[in-house]
1. What are the pairs, 6+ residues apart or on separate chains, where a residue within the range 186-205 that is in a helix (DSSP H, G or I) has its Cβ under 7 Å from a residue that is small (G, A, S)?
2. Of the residues D106, D95, which single one is of a type in the set (D, E, K, R), in contact with a Ser or Thr (Cβ under 7 Å, 6 or more places away or on another chain) and either closer than 30 Å to D179 by Cβ or in contact (Cβ under 8 Å) with a residue 24 or more places away in the chain (or both)?
3. Would it be correct to say that N80 is modelled with pLDDT under 90 and touching a helix residue (DSSP H, G or I) at 6+ places or on another chain (Cβ under 6 Å)?
4. Return the residues of the range 12-38 that are surrounded by fewer than 21 Cβ atoms within 10 Å (Cβ to Cβ) and modelled with pLDDT of 65 or more; say none if nothing qualifies.
5. Quick one: is S143 in a loop (DSSP other than H, G, I, E, B) and either touching a residue at least 40 places away in the same chain (Cβ under 8 Å) or farther than 22 Å from T76 by Cα (or both)?
6. Among what's in the range 132-182 and is aliphatic (A, V, I, L, M) and over 21 Å from the mean Cα position of the chain (by Cα), pick the residue that is farthest from N85 (Cα to Cα).
7. Tell me the residue from R186, R158, R148 that is closer than 16 Å to M125 by Cα, basic (K, R) and surrounded by fewer than 18 Cβ atoms within 10 Å (Cβ to Cβ), please.
8. If you scan the range 155-183, which residues turn out to be among the acidic types (D, E) and either at pLDDT 95 or above or in a loop (DSSP other than H, G, I, E, B) (or both)?
Amino acid sequence: MGRTALYIFFTFLPVLFLSCVEKARPLHSFYFWKLQGDLTKEDTMLKNKLGISHSYIHYMDISWSEALNMAVPRATQQINNLPGNEPYTPVIYIDNRVFEKSSQADMDTMARRILRRIEAMTRNMEGIFARNFFDNLHLPYDSNYQKRITATIDSVMRSREGLVSEVQIDCDWTEKTRDNYFLFLRQFKALLKNKDLSVTIRLYPFKYRSKMGIPPADRGVLMCYNLSPIAKPETGNSVFDLSVLRQYLTPDEAYPLPLDLALPVFGWHPWFRGGKLQGILYPYQMEVDTQ
């Protein structure tokens, strides 16, 4: 029997971002986690409907290569249509094994390489956006056509330079990797020019901050989803369970970093047979016979 979690849509990393700013209208953002595939017309319509004015774009994953004995980028973003003139934040996921296998001496070099790649990817995506803008002008071809292409692309890219004011690092660090990870964050933050550094924070390090530490960043995003084990038939809602969330919250003790909340707007249907998890179905797959 399938068990239903919260579900609204899936195209973005299906997490709605709610900014916790008192006496101000909350900023609604989406995590766009697909690595290959652009924003569709349906995506744009949904963003407009929900008043989305900012996106977190998954740029790449960093994992450990045993063959090369070093951290390497994988799963690089290939989006060709950035979301209009709204601000966006590059998000870099770093596998925790990177900090298990690396030494503290590696942190500065890794920070510089990741930042260079972020900057190169941003230039490339912004260049594609600017060229698409020019093509949509449908200007007649003449002897100055190439000059107009160059001038338009340069102008559009300059006008959008302020859209990226933050970079986010996503890592599920542990007590063992804390020192290396925090050193990396300090090195990375020192390299950022006129940009903030944000980090994702899972519920465990949020609650047990005395041993997990406070990341040296400008702000954090508390990830309030995927709270319960999906493989257990008795789990009512693996995506979001308020009773589980409350176990981690500490309302009488403020977190040292400004925090925003990431809440789920996605869902799935775990498919069980004989008490064992057979797979995960999404609403668009529900015509599949699970009996």
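The values are calculated or read from the model by the stated rules, or taken from the named source; none is laboratory data. Keep in mind the model is a prediction, meaning the values are calculated, not measured. With ideal geometry, Cβ positions are generated from the backbone for all residues, glycine too; neighbour counts draw on all protein chains shown.
1. Q187/A111; F188/A111; K189/A217; L191/A111
2. Numbers: D106 fails: in contact with a Ser or Thr (Cβ under 7 Å, 6 or more places away or on another chain).
Testing whether each residue is of a type in the set (D, E, K, R), in contact with a Ser or Thr (Cβ under 7 Å, 6 or more places away or on another chain) and either closer than 30 Å to D179 by Cβ or in contact (Cβ under 8 Å) with a residue 24 or more places away in the chain (or both) leaves just D95.
3. Details: modelled with pLDDT under 90: yes; touching a helix residue (DSSP H, G or I) at 6+ places or on another chain (Cβ under 6 Å): yes.
Yes, satisfied.
4. P26, L27, H28, W33, K34, D38 - these are the residues of the range 12-38 that are surrounded by fewer than 21 Cβ atoms within 10 Å (Cβ to Cβ) and modelled with pLDDT of 65 or more.
5. Values: in a loop (DSSP other than H, G, I, E, B): yes; either touching a residue at least 40 places away in the same chain (Cβ under 8 Å) or farther than 22 Å from T76 by Cα (or both): yes.
Here the answer is yes, as S143 does meet what is asked.
6. First, the residues of the range 132-182 that are aliphatic (A, V, I, L, M): 137, 139, 149, 151, 153, 156-157, 163-164, 167, 169.
Narrowing further to those that are over 21 Å from the mean Cα position of the chain (by Cα): 137, 139, 149, 151, 153, 156-157.
Working: L137: 17, L139: 22, I149: 20, A151: 19, I153: 15, V156: 10, M157: 11 Å.
The selected residue is L139.
7. Numbers: R186 fails: closer than 16 Å to M125 by Cα; R148 fails: closer than 16 Å to M125 by Cα.
Residue meeting the stated conditions: R158.
8. Scanning the range 155-183 gives E166, D170, D172, E175, D179.
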